[in-house]
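Heads up: the structure comes next, in structure tokens.
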Amino acid sequence: MELNLAELNRTQYPIPAELQNNVAITSLSKIYNWGRRNSMWPMLFGLACCAIEMIATASSRFDFSRFGMEVMRATPRQSDLMIVSGTVTKKMVVPIVRLYNQMPEPKYVLAMGACASGGGPFKEGYNVVSGIDKYLPVDVYVPGCPPTPQALLYGLIALQKKIDGQSIITSDDVPWYGVGPSDPTPIPILGPDIIDPRQMDMIRRQAEQAARGGTFAVRELPAVAKTAAALPAQKAAPAAAAAAPAAGTMTPEEERRAAALARKAARAAKSAGEAAPAAAPTAAAPLPGGSKPWEESHDIREQRKAAALARKAARASKSEG
Amino acid sequence: MVLTAPDPNKVGTIEDAIADLKAAFPNDVSDDKREGYGGVIVSADKLLEVASYIRDTLKFDYLSSATAVDYLGEGHHSNDHMEMVYHAYRTTGGSALVFKAQTDREKAELPSLVSVWRGADFQEREAWDLFGIRFKGHPNLKRILMWEGFYGHPMRKDWKEAFYESEHKPFDSRWPEGHVYRAEELNVFGSNVKYPSDIDLSRLTDKSESDLYTGFGLGVDMTHMTDENGIQTDELVVNMGPHHPSTHGVFRMVMRLDGETITHLEPVMGYLHRNHEKIGERNTYLHNIPFTDRLDYISSMGNNHGYVLAVEQLLAKGAKYTPPTYRTEVLRVLMVELSRIVNHLWAIGFWLNDLGAFFTPVLYFVQERERILDFFEAVAGSRMMCNYMRFGGVFADLPERIKSTMNLMNDRVRDFDTMQFLQEMINERIPRTIDELDEYLTNSDIVQSRSKGVGYLSAEDAINFSAAGPLLRGSGVAYDIRRADPYSIYPELDFDVAVQHEGDMYARYMVRLIEMRESVRILKQILPRLEYTKGESVTSSFAYSGKIPLGEAYGRVENGKGELGYYVVSAGDKKNTANPWRYHVRAPSFINLTPLGHMCRGTKVADVVAILGSIDIVLGETDR
Ligand code: SF4
């Protein structure tokens, strides 16, 4: 088809003179992303101290409406972005996952602050989830405790950049442009402690092992700690040496304490100037390798990608057949 | 007029009361003779009578704090036991009558004091939840911070969290032999969870919700009613939160409604319970200062102040202790009063949000807050989490010059002389903002008609519910710790206690407004003091002292939201300790919620959010 430039100018919309007789070419992804990145609606949702800085970012001095984000929605069904602004507790993660599931796709998660990113100052707490990424896929992490409004703005701009790079035709980097809805994140259960449904099998295996008279939830020490525990701690800490061989029968607490003792012993020996040969192999020892149960089923992105690929393959084989 | 502090050692005070108490209950009340401890120990079976006597005869009508301590092992003075510690005050002023009751660790049970002070309600539930002490006669003994069905009572000394490393900080190196490892790697499940080994996944039920709703008659036969027109109606249970824009964070209320009228309301919390106290007991004393910032994160300076006061009380039990210098006190009061203004601006702004003036007023107040935060940032290094005070001192003196913006129209950062900046802020800007607020809101018809007569709390109830801060003073009780049990340099400063007698939301608003003006009045007196103490030292040799003498201490301050108290116990078998044995926060936001259900009964749903706003809670402190 021949392109008649004069025809193009005769639309129902007035076109400024300097733009007339121009043809601009862009990709659909680009223009689509341009629209999305400039109207990110965050969910009006504050968890802890970081939420106060989020409010400050929304207020007049920092004002993130400059980036198209002023429309904070209290309902997840109208929001594109979940700013996890604060400490995620075990009690609260249940509603958070529910809220996330209720957000329409495309949806993004920004972990604001140390707590949301990895537990922060409260990581060791018994009711604290050490990072929202244990449950939800996080797009941007903003460090800080709390991040300053400037840092949060920077994180939001980083998110916009990320959106710019996404393509609507491949479902490889984003799960939501495939066919059909993606699977909701399983909602954790508040049992004796919080239970991630994706870990049910692991817990069951452990419980069966315990029922057979084995250990329960006793983790092999990381190679590092083990090497340290096995150190021939001559005179520095005979206690640690005595504790080390019994590792199999110890409770996790005892085991960890033994490891700590051993570490102390190793340090003491080193400072005594005689542990150099003993420490050398330790330094070269590999990081805890082999099976890493704590990484077993955690990357949701990976899972979704695999599912998307499988669906694609199924479609392909269907159309062939 | 300069009021002087009531002398706690004068006749007619605590000693008299204790003597009186011992005379009345010769066999059941004895002195607490442990090193560094005070108060009396009451035998558990007489606790209820003794408490009534303390309230009615000795007139200690205000139960400030009730908390548990787990004494287990480590060469303690006596056998392992659980202890409840109560601090009671007179609303006419003076210091605390401390009484304790002990019980066995395994079968921990004590009589509930809810019938004497309803303010003990949530605090006893907390002790049950975290320490496993049963309270006989408590009307609603459920978990409060953790969920129903949780495994164990986590504040007990022998309960170890999943990421437990060692009893005390600082921990051993995270880099043993040059390799870092994370806490996750030590746990089979890769996160901080632990389960009983006999966990039965096939019969796993989430009890946390069902148990909550049974109290409301859900699942049971609902009461069927007939209204005056003969129409059949039902009561309806409505849940609000934990994700709700008007709950000021992750707070939740469950209510039973008859039409639009509340017949029963129960606050549900713990959604931000981040184990402040458990972590605090692993920390060194100094470690805890930045953690206190994160309690009431609107006014972190005030939180620091209460904690350092408590630890200074402990330090004073040692041989060589010098109190903070005068300039230190001046700086502390400066910071705390600025925080109070920030807190009240924030509280009023968000209360207006709840009334429906959505976000416009807040923007003005946040703007004023930004300027104060610039000052905090210049002095302490952080906008919100100031971490400014130290034992016996503060982190640093004021800098010569500070950077801030002129105003929001012109937000180029400029360099100011600190004193000039302060002068301009205290003499002009803050009073102007307060006047503006006063002019637009105080006489506004909408504010008045929405808030007058709503959310009523009588003076007797306010005292009995252990309400504190503007909630208490809005009900006509002129109780301000800065006057009633003075600390720092408040006795020599000239200010009035803000008090209103109506007991409704409007009265609380007025108290906040007046209190901001009084804060400005204090700040104006601080300015010359800042000038003439220039050059005085603000640090002390105790600031980073690792070792704290044995004993117990209760430091409390009048924070923006009410009485903030820290109960710190230093116990062990040595002369002094590096970590607190018990670290408890008496959080005003938490205890002020006790009367919420009472205040909301009979009001409309739309008023509930405003009543909650008028209490002014912050979840970091409520749930700790
Ligand atoms: S990162 Fe710091 S400021 Fe943010 S929620 Fe956690 S403790 Fe609070």
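Those residues that are in a loop (DSSP other than H, G, I, E, B) and either hydroxyl-bearing (Ser, Thr, Tyr) or modelled with pLDDT of 80 or more (or both), I need them from the range A:189-206; list them, please. A:PRO192, A:ASP193, A:ASP196 - these are the residues of the range A:189-206 that are in a loop (DSSP other than H, G, I, E, B) and either hydroxyl-bearing (Ser, Thr, Tyr) or modelled with pLDDT of 80 or more (or both). Candidates A:PRO121, A:PRO143: the one that is within 12 Å of the ligand (Cβ to nearest atom), more than 12 Å from chain B (Cβ to nearest Cβ), free of Cβ contacts under 8 Å to residues at least 60 places away in the same chain and within 25 Å of B:GLU165 (Cα to Cα) is A:PRO143. Would you confirm whether or not the range B:422-443 contains a residue that is open to solvent by less than 50 Å² (accessible area, probe 1.4 Å), under 26 Å from B:GLY562 (Cβ atoms) and hydroxyl-bearing (Ser, Thr, Tyr)? Yes; the residues of the range B:422-443 include at least one that is open to solvent by less than 50 Å² (accessible area, probe 1.4 Å), under 26 Å from B:GLY562 (Cβ atoms) and hydroxyl-bearing (Ser, Thr, Tyr). The listed residues are A:VAL109, A:VAL138, and the only one of them that is assigned to a loop (DSSP other than H, G, I, E, B), open to solvent by less than 30 Å² (accessible area, probe 1.4 Å) and within 16 Å of the ligand (Cβ to nearest atom) turns out to be A:VAL138. Considering the conditions (1) assigned to a helix (DSSP H, G or I); (2) at positive phi, B:GLU312 is excluded by exactly one of them, (2).
Can you find a residue in the range B:348-369 that is exposed (fewer than 15 other Cβ atoms within 10 Å of the Cβ), part of a loop (DSSP other than H, G, I, E, B) and of a type outside the set (Ser, Thr, Tyr)? Yes, the conditions are met somewhere in the range B:348-369. The numbered conditions (1) crowded, with 16+ Cβ neighbours inside 10 Å; (2) touching a Lys or Arg at 6+ places or on another chain (Cβ under 7 Å) are all true for B:THR292 except (2). Pick from the range B:245-283 the residues that are away from chain A (no Cβ under 14 Å) and over 22 Å from B:LEU141 (Cα atoms): which of them is surrounded by the most Cβ atoms within 10 Å (Cβ to Cβ)? So, considering only residues that are away from chain A (no Cβ under 14 Å) and over 22 Å from B:LEU141 (Cα atoms), the one surrounded by the most Cβ atoms within 10 Å (Cβ to Cβ) is B:ILE262.
Of all residues in the range B:113-134, those that are free of Cβ contacts under 8 Å to residues at least 40 places away in the same chain and either part of a strand (DSSP E or B) or hydroxyl-bearing (Ser, Thr, Tyr) (or both) total 1. Residues that are without any contact (Cβ under 8 Å) to a residue 60 or more places away in the chain, surrounded by fewer than 22 Cβ atoms within 10 Å (Cβ to Cβ) and away from every other protein chain (no Cβ under 13 Å) do occur in the range A:51-74. For the range B:145-160, residues that are within 24 Å of B:PHE251 (Cβ to Cβ) and either open to solvent by 10 Å² or more (accessible area, probe 1.4 Å) or of a type in the set (Asp, Glu) (or both) total 4. If I filter the range A:68-78 for residues that are under 26 Å from B:VAL268 (Cα atoms), within 13 Å of the ligand (Cβ to nearest atom) and in a helix (DSSP H, G or I), do I get at least one hit? No, because not a single residue in the range A:68-78 is under 26 Å from B:VAL268 (Cα atoms), within 13 Å of the ligand (Cβ to nearest atom) and in a helix (DSSP H, G or I). Screening the range B:98-112 for residues that are in a loop (DSSP other than H, G, I, E, B) and touching a strand residue (DSSP E or B) at 6+ places or on another chain (Cβ under 7 Å) and picking the one that is modelled with the highest pLDDT gives B:SER112. Pairs are defined by a Cβ separation below 8 Å, a sequence spacing of at least 6 or placement on different chains, a first member in the range B:380-400 that is within 14 Å of chain A (Cβ to nearest Cβ), and a second member that is within 15 Å of the ligand (Cβ to nearest atom) and β-branched (Val, Ile, Thr); the pairs so defined are B:ARG383/A:THR148; B:MET384/A:ILE52; B:ASN387/B:ILE289.
Out of curiosity, is A:ARG36 in contact with an Asp or Glu (Cβ under 8 Å, 6 or more places away or on another chain), of a type outside the set (A, V, I, L, M, F, W, C) and either assigned to a helix (DSSP H, G or I) or within 16 Å of the ligand (Cβ to nearest atom) (or both)? Against the criterion (in contact with an Asp or Glu (Cβ under 8 Å, 6 or more places away or on another chain), of a type outside the set (A, V, I, L, M, F, W, C) and either assigned to a helix (DSSP H, G or I) or within 16 Å of the ligand (Cβ to nearest atom) (or both)), A:ARG36 qualifies.
The set of residues in the range A:124-135 that are touching an Asp or Glu at 6+ places or on another chain (Cβ under 8 Å), at the interface with chain B (Cβ under 9 Å from one of its Cβ atoms) and away from the ligand (no atom under 12 Å from the Cβ) comprises A:GLU124, A:TYR126, A:LYS134. Tell me yes or no: at least one residue of the range B:510-529 is hydroxyl-bearing (Ser, Thr, Tyr), modelled with pLDDT of 90 or more and farther than 28 Å from B:ALA380 by Cα. The answer is no; no qualifying residue exists.
The values are calculated or read from the model by the stated rules, or taken from the named source; none is laboratory data. Note that the structure is a prediction, hence the values are computed from the model and not measured. FYI the Cβ positions are ideal-geometry reconstructions off the backbone, even for glycines, and counts take in every protein chain you see. All accessible areas refer to the heavy atoms of the entire protein, side chains included, with ligands and DNA or RNA removed. Shrake-Rupley method; radii C 1.70, N 1.55, O 1.52, S 1.80 Å.
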